[in-house]
1. Considering every residue within the stretch 316-336, establish whether at least one is surrounded by fewer than 20 Cβ atoms within 10 Å (Cβ to Cβ) and in a loop (DSSP other than H, G, I, E, B).
2. I'm told Phe434 meets every condition in (1) within 30 Å of Trp56 (Cβ to Cβ); (2) crowded, with 18+ Cβ neighbours inside 10 Å except one. Can you identify the failing condition by its number?
3. Out of Thr213, Thr256, Thr230, report the one residue that is over 20 Å from Met453 (Cβ atoms) and surrounded by 12 or more Cβ atoms within 10 Å (Cβ to Cβ).
4. Somewhere in the stretch 278-289, is a residue more than 20 Å from Tyr329 (Cα to Cα) and part of a helix (DSSP H, G or I)?
5. Run Ala127 past the list (1) open to solvent by less than 40 Å² (accessible area, probe 1.4 Å); (2) touching a Cys at 6+ places or on another chain (Cβ under 8 Å) and report the number of the one that doesn't hold.
6. Of all residues in the stretch 295-312, count the ones that are surrounded by 20 or more Cβ atoms within 10 Å (Cβ to Cβ) and within 14 Å of Val392 (Cβ to Cβ).
7. The conditions are (1) among the hydroxyl-bearing types (Ser, Thr, Tyr); (2) at pLDDT 85 or above; (3) open to solvent by less than 10 Å² (accessible area, probe 1.4 Å); (4) under 26 Å from Ala134 (Cβ atoms), and Thr407 fails exactly one of them. Which is it?
Amino acid sequence: MSQAAEASLRDRPAVLAKVKPLTSLPRKPLVLHNRDFHWITNKICGIVEDPAPTWWWVCLAISLGISSFLGVGLLWLVSTGVGVWGLRPPVFWGWDIVNFVWWIGIGHAGTLISAVLCLLRQKWRTAINRASEAMTIFAVMCAGIFPLFHVGRVWFAWWLFPIPNAQSIWPNFHSPLEWDVFAVSTYFTVSVLFWYMGMVPDLGTLRDRATKTWRKYFYGIIAMGWRGSTRHWRNYEMAYLILAGLSTPLVLSVHTIVSFDFAASLIPGWHTTIFPPYFVAGAIFSGFGMVLTLVLPFRAMFKLHDLITQYHIDCMCKIILATGSMVGYAYAMEFFIAWYSGNIYEGFTFINRAFGQYAWAYWIMISCNVISPQLFWFRKVRQNTALVFIIVLFVNCGMWFERFVITCTSLANDWLPSSWGYYTPSITDIFTFFGTMGFFSTLFLLFVRFLPMLPTAEIKHVTPAADPHWHPGEEDIDHSAHLVTHSLAGEKGVR
C-alpha cells in the first residue's frame, strides 16, 4: 500500500474503525440440506433409471385415452369439413383460434425462464428451466394443430411457405396469419435447440451410468460424444449463451405477432395498439401458471423438495402476481381507451363484454386473472402448496376465457345487429381441445420418464459445494456470497 493511502487511513475518524459493513447478504438456499453432487446425480438420474411407478402408468393410460379424442376429432374434421367445428356466421374464429392463442401463451414461460432469466443471471431458474422448456415445445406442438387444420384443406398447408410451386401461388405476406407461420416455426426451432443443448451434459451422465445395452446406445447417440472436457464445457457454455440471446427477442416477438392477428383488423375490440404488450404479459402470466401446474405434482410424486424448494415456488408466485396485475391494468385500460376514443362501436363492444350475452365468460376471466392472483401478496398463501396449485389452475382457466372473450364477443356482435349470433362449440371442438390436453400430457409424461427432468449440471453449479472455498458444515447459503466474503478477506490480508 502506498504512503498516501496509509496516511488517509490514519486520518479517518475513529468511529469509522468501528463500522463493520455487511459484505454479503444471506440468500435462500437453492438446494436444501447441503446435498452433495453424488446425491443430486442419483436423485435426478434415478427418475429415469428406476422402474416407472404405478401412478405414472395410470396417468399415461388416461392421457393416451384423452389424446385419442384428438385423432378422432381431426379425422372427422378432415373427412367432413371445417364446418363441423361449430363455426357459423358471424363467428368464423371460434375455439380453434382461442386454443391456438392459449397454447402459444403457455409456451412463453419456458423461453422466459431459460433465456431471459439466464441472461439476467437469476440462479433460481436452474431447478425449473428443463421442465418449462419441455412444456414450451409440447405446447407449441399443440398450438400448431389448430391453424394448420383451420385452413380447411390441410394437405395444401405447404402453400403457406414461400417455395416455388407449379401453380405460381405465393403467400400473402401482408397477412398476420402468414406472420404466425414464420414466428411460431422460428420459435419452435430455437426452443428445441435450446432445450436439447441444455440436456447434452446430462445425457452424457445417463449414458455413462447406463447398465442396459439399449440405454447405452440411445443416450450415447443423443449425447453427441459428450466427455465433459474443458473444451466441451467451453463450447457448450458459449452455444448456450448464444441460443439464450437468440431466444430472448422471441419472448416478445412471437406473442406480439400473434396479437397482430387481432390488432391488424378493423373489428371493434380488436383494433387497438395495447394488444402486443397486453398479450405478452398474459402469455408470461399463463406460462408460469402452467409451469407450477406441472412442477408441483411431480415435485410431490418424486420427492424433489430439496431441489425444487419453497423459494422457487415463491419466486414464480411473485411473477404471476406481477404479470396478473399487468393484465388487470390492461383490462382497465381497454375500457378507458374505448371511452376516451369517443368511438360508439368500441364503447359498445366493451360494455357488451361485461354485461351482454357473454358476461358470464367475462366475469370468470376477471375473477381468475385479476382477483385470484392477488392472494399471492400474502406469504402464507405462497407457502401453502395446495392453495398455490388451486390458484394456478384458476389462472390457466382464466387465460383461456380471456382468449375466448377477445375472439368470440367481438365477432358475435359486429357492425350489423341483423347478423348477430351466439357462438356455441360443437362436439368436435370439445374433442379436439381436450385431445390436445391429453396429447400434451402424454408428451410430458414420456419426457419425465426417458429424459432428465431437472438439469443436473446447472443445479450443481448453484450449490455451496461448487464454491472451492466451501467446507462441509458451513452455513448453507448461496455460494456466490462465499466468493465475495473470501475475496474481501483476501484483500484485507494483502493490506
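The values are calculated or read from the model by the stated rules, or taken from the named source; none is laboratory data. In this text, all values refer to a predicted model and were calculated from it rather than measured experimentally. Here the Cβ is made from the backbone with ideal geometry for all residues, glycine too, and neighbour counts use every protein chain on show. Accessible surface areas use protein heavy atoms only, side chains included; no ligands, DNA or RNA. Shrake-Rupley method; radii C 1.70, N 1.55, O 1.52, S 1.80 Å.
1. No: the stretch 316-336 contains no residue that is surrounded by fewer than 20 Cβ atoms within 10 Å (Cβ to Cβ) and in a loop (DSSP other than H, G, I, E, B).
2. (2)
3. Thr256
4. No, the stretch 278-289 contains no residue that is more than 20 Å from Tyr329 (Cα to Cα) and part of a helix (DSSP H, G or I).
5. That leaves (2) as the condition not met.
6. Total meeting the criteria: 3.
7. The one condition Thr407 does not meet is (4).
So that you can scan it fast, the table gives a plain yes or no per residue for (1) of a type in the set (A, V, I, L, M, F, W, C); (2) in contact (Cβ under 8 Å) with a residue 24 or more places away in the chain; (3) buried (at least 18 other Cβ atoms within 10 Å of the Cβ):
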| site | (1), (2), (3) |
| --- | --- |
| Gly65 | no, yes, no |
| Gly81 | no, yes, no |
| Gly94 | no, yes, yes |
| Trp103 | yes, yes, yes |
